[in-house]
Structure formats: structure tokens, C-alpha cells
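The values are calculated or read from the model by the stated rules, or taken from the named source; none is laboratory data. Only a predicted model underlies this, so the values are computations on that prediction, with no experimental measurement involved. With ideal geometry, Cβ positions are generated from the backbone for all residues, glycine too; neighbour counts draw on all protein chains shown.
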Ligand code: UT7
């Protein structure tokens, strides 16, 4: 017997404002065609000016709780993956706690940029397996629209806002790959790549939150190799092959990265959940958003073997294998 962190519920929230690519054509030297063909993005959601990351996270958390048929009384703690918090502190996690009316347990944030949800899931799994918590809300929530340089066409057309959430709970498993829940994870980072993707401000430097800067093409060249590498590693850790995967649920940065990674793994695109066309790159929110959309569409079913992988600022990258 072994303890497994099993998904009991999933939900998401996207802000009301939908921005099609064509909206950028007025203010930038860009086209809908360039954005579609280079990134796969067709539209993205932007939060309202008075709508902070915590608001998105609270709505996604409520949806996941409802999906699980649970209330906050059933939750021991909250982990939020975000790089765009409402304030420098306190954590978005504690704001979600307040928003849900939860006066017990604990809450904190994890910051690993676009790989944030992989890091948060791994943290949550470790806490559940160690017996530190029985049931956790794990949320990815971002408002990247707040850190865009609207004059930089090479970045501002790529990102969007949103939130997704899972309820993860301790269940008894047999200890083999047929168990439901998180089966393995693999985390990596290398700070030498700092300049490839960063925000040029912060509390202890400029005193401003700053704007996102990215060497897109250099990062693109790293992404597929590192994502396929972490996918290979995480599957082999538990003796699985690429073809055992029913669904890849990847970070949604660029359709060419998603397709290139799937191709390297020998998995056809009809076994990949793709939301990048509708959401753009929502950083730590993109995987839980894709999970929620994949389940709601009827594609992901109980018992399916899922592989999620992500790479982003740091660089930080990693993968999780879980049976739904
Ligand atoms: O989630 C975190 C991880 N993020 C990523 O993984 C992003 C990785 N990178 C990418 O997705 C791609 O590199 C981009 C979508 C950012 C760019 O695609 P690319 O095929 O690598 O294009 P590029 O950067 O090599 O740029 C090609 C050309 C350049 O013009 P020149 O120098 O060839 O004349 C750019 O200036 O496209 C130009 N360009 C644009 N043109 C029209 C850059 N942005 C735009 C734009 N509209 N919005």
C-alpha cells in the first residue's frame, strides 16, 4: 500500500475580455497571420483593470471545489503557482484562503514562472505522501497582461490571463503504475539562462514590478529538447514508455513547441490537449486550464495516463505523470 495524491476535482476561470489577434494590428507592426503561424495563438483573455490574480484564483478554486463536491472545510491547505501576485506580500494563497472564507490550514505561493504548476503539483504531492496534508487546493493563476511591454511586438501578443485549479487528496494505492494520482515528477532549473526570459524589475532592484523580456528564438531552441528530455526522464523513473501516455497536457506557450515535443515523443497530436489558440500563454495557469478544458470536453477520462510538461523563466522546467 502507498499513499497517492489523486485529483478529486478540477476547474478554471477565464476573464470576460477576449482579445483577438486583430486587435494588435492597430497599435503594432504585426498581423493576425504572423501570430497564428508563429505561435498558434488566435485570441487570449485579459483581466479587467480592477481584477487581481487572486480574483481569478478564487473563481477557479470555487469551480474545482464544486467539481469535487467539496467545501473549504474539506481542504487542509492551498498552494498557488504564480509569478504575478497581487502584492509583493502576502501570498496570493492567503488571499484565496480569505476569499474562500477558510480560517484553518495554511496557504502559500510557489514561483517557477511557466513551470510553476509542475513545481506546485510536485510540492503538493510531496506533502500529501509525507502525511502533512490530506487534501490540498493546487492553483495556477496569472495576470501576465500586467507585465507586458505593449510596444514590444515580440512578447505582448503571446501572453494571456487566467486560472485553473485542482483538488488533490490522499488515497490509498497499490504502489504501482495502475494507481490513480501522481505517479512521478521531474524538476529542473538552470539559472545560467536568466537572460532568456525575465522581468526587468523587482522589489530589491528597481522597486517597480517591471516588464517581461524574452529572447524568444533562443528559448524556442532550448524548449523542445528540454521538454522531451524531462518527459523521457519522468516516464522512465517509473518504467513507462512514451507510448503509454494517453494524453500530453503541456504548457501552452507555442503550438510549434507543443507539436515538436509530441513528435519527439512519437505521440500524435490527437493525443495532445491544445488550448493555446484560445488562451495564449498563461504561464503557471496554462496546464490546469488545459486539464480543466480537456476534462470538460470529454477527452480526458478517469483512468487515463497524463503527462504534463512545462518550461519557463529561470530557466525552470519539469514534468509530472499522473493517472486521472
Ligand atoms: O512560456 C515560457 C516559454 N516561452 C516560450 O517557450 C516562447 C518560445 N519562443 C517562441 O515561442 C517563438 O520564438 C516566438 C513565437 C516568440 C517567435 O517566433 P520565431 O519563429 O522564433 O520568430 P523570431 O523571434 O525568430 O522572429 C522572426 C521575425 C523577426 O524579424 P526579422 O528579424 O526576421 O526581420 C521578428 O522581429 O519575426 C519578427 N517578429 C514579428 N513580426 C510580426 C517578432 N514578433 C513579431 C510580431 N509580428 N508580433
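If the condition is being within 16 Å of the ligand (Cβ to nearest atom) and either closer than 21 Å to residue 49 by Cα or exposed (fewer than 14 other Cβ atoms within 10 Å of the Cβ) (or both), then the stretch 12-30 contributes 19, 20, 21, 22, 23, 24, 26, 27, 29.
Just so you know, in the stretch 40-59 the residues that are surrounded by 22 or more Cβ atoms within 10 Å (Cβ to Cβ) and within 14 Å of the ligand (Cβ to nearest atom) include one that is farthest from residue 77 (Cα to Cα), and it is 41.
Yes or no: residue 67 in the same structural domain as residue 162 (by TED's automatic domain parsing), crowded, with 17+ Cβ neighbours inside 10 Å, within 16 Å of the ligand (Cβ to nearest atom) and touching a residue at least 12 places away in the same chain (Cβ under 8 Å)? Spell out how you get there, then give the answer.
Details: in the same structural domain as residue 162 (by TED's automatic domain parsing): yes; crowded, with 17+ Cβ neighbours inside 10 Å: yes; within 16 Å of the ligand (Cβ to nearest atom): no; touching a residue at least 12 places away in the same chain (Cβ under 8 Å): yes.
So residue 67 fails the test.
Condition check for residue 195 on (1) more than 16 Å from the ligand (Cβ to nearest atom); (2) without any contact (Cβ under 8 Å) to a residue 40 or more places away in the chain; (3) out of contact with any helix residue (DSSP H, G or I) (no Cβ under 8 Å at 6 or more places or on another chain): one failure, at (1). Reported count of residues in the stretch 287-315, each being buried (at least 24 other Cβ atoms within 10 Å of the Cβ) and either part of a strand (DSSP E or B) or more than 10 Å from the chain's Cα centre (by Cα) (or both), is 8.
Just to be sure before I move on: is residue 145 closer than 30 Å to residue 31 by Cβ, surrounded by 21 or more Cβ atoms within 10 Å (Cβ to Cβ), within 15 Å of the ligand (Cβ to nearest atom) and within 13 Å of the chain's Cα centre (by Cα) in the structure I sent? Let's see the steps before the verdict.
Working: closer than 30 Å to residue 31 by Cβ: yes; surrounded by 21 or more Cβ atoms within 10 Å (Cβ to Cβ): yes; within 15 Å of the ligand (Cβ to nearest atom): yes; within 13 Å of the chain's Cα centre (by Cα): no.
For residue 145, the condition - closer than 30 Å to residue 31 by Cβ, surrounded by 21 or more Cβ atoms within 10 Å (Cβ to Cβ), within 15 Å of the ligand (Cβ to nearest atom) and within 13 Å of the chain's Cα centre (by Cα) - is not met.
Residues in the stretch 201-218 that are out of contact with any strand residue (DSSP E or B) (no Cβ under 7 Å at 6 or more places or on another chain) and within 14 Å of the ligand (Cβ to nearest atom): 215, 216, 217, 218. The requirement of being under 26 Å from residue 4 (Cα atoms), within 16 Å of the ligand (Cβ to nearest atom) and touching a residue at least 40 places away in the same chain (Cβ under 8 Å) is fulfilled nowhere in the stretch 254-277; no residue meets it. Filtering the stretch 199-213 to residues that are in contact (Cβ under 8 Å) with a residue 12 or more places away in the chain and touching a helix residue (DSSP H, G or I) at 6+ places or on another chain (Cβ under 9 Å) leaves 199, 209, 210, 211, 212, 213. Apart from one condition, residue 221 fits all of (1) at pLDDT 95 or above; (2) within 14 Å of the ligand (Cβ to nearest atom); the exception is (1).
So, restricting to strands (runs of 3 or more DSSP E) that lie completely within the stretch 156-265, which ones have at least 3 residues that are surrounded by fewer than 22 Cβ atoms within 10 Å (Cβ to Cβ)?
On the way: elements: 161-173, 181-189, 197-199, 212-214.
In the stretch 156-265, the matching strands (runs of 3 or more DSSP E) lie at 161-173, 181-189.
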